[in-house]
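Data first, discussion second: the structure below is written as structure tokens.
Just so you know, all these numbers are worked out from the coordinates, no wet-lab data involved. Keep in mind that what you see is a predicted model, and the values were worked out from it rather than measured. Positions of Cβ are backbone-derived with ideal geometry, glycine not excepted, and every protein chain shown enters the neighbour counts.
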């Protein structure tokens, strides 16, 4: 068990005073079997009225509203939590899901259907064709190894590029342009996993890897801590959180 404190500071500065609209703030993580939330704090400048709601997935969302105009907005979230790490060996995968392709259990399939469904058109099969390069073996490919190779492929084949446009570019555009942001890579891997029949969804979070922090700065993974994750359901035991811009593959 490890106690961590995470301070997330976001600041926007504007060339002229602006009127701020309603902001949806998603800073607060959910408690789980491997994470216990001890303290949360949220500071907003300029001060606004804040109310909390639960979204359809049970996440805590802060809704902030403001009055007047301002030339800057700063949000500082402080979280202290206890994290219970997984053992070094990989979490178990149900036997039926160890190799691709496989079918989810009948009782799970209705809940996972939307996450298996492709969300973006791929008329030239650019995404599904790109994904097939990570399959190995005749008659089936190791599920975990395939996802690991996909992580490595994104990191080695594509270039990370800062992009200030709103939203996420389509996966085929990411492949055609040869790069994108962490959110673009997240969407690419989700669509790639879906092309293999795997359920995938977007999540957000932090990865604390003591081994990575001990490496020389030049050898550390790119500093992209929050928005490049997705969750891929590999079996009924749960899901795997994956961040292709990091140096490691899937983590439990």
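Values as computed for the structure displayed
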item	result
Ordering of 115-123, 31-39 by burial proxy (mean other Cβ atoms within 10 Å per residue, highest first)	115-123, 31-39
Size descriptor, Kirkwood hydrodynamic radius, that averages inverse alpha-carbon separations across the stretch 2-83, Å	14.0 Å
Between the stretch 46-90 and the stretch 116-155, the alpha-carbon center distance in angstrom	33 Å
For peptides 185-194, 6-15, 41-50, sequence by mean Cβ density within 10 Å, most packed first	185-194, 41-50, 6-15
At R0 = 30 Å, FRET efficiency that the Cβ-Cβ distance of residue 112 and residue 84 yields, to 0.05	0.70
Burial ranking of peptide ranges 170-181, 66-77 (average Cβ count within 10 Å, highest at the top)	170-181, 66-77
Projected label distance in nm at residue 8 and residue 50, using a 7 Å step from Cα toward the beta-carbon	1.3 nm
Net lengthening on full extension, residue 18/residue 36 (0.36 nm per residue, minus Cα-Cα)	2.6 nm
Contact order relative to length of the stretch 1-147, as percent, for alpha carbon pairs under 8 angstrom and 6 or more apart	29 percent
Whole-number percent relative contact order across the stretch 2-83, with pairs defined as alpha carbons under 8 Å at least 6 apart	52 percent
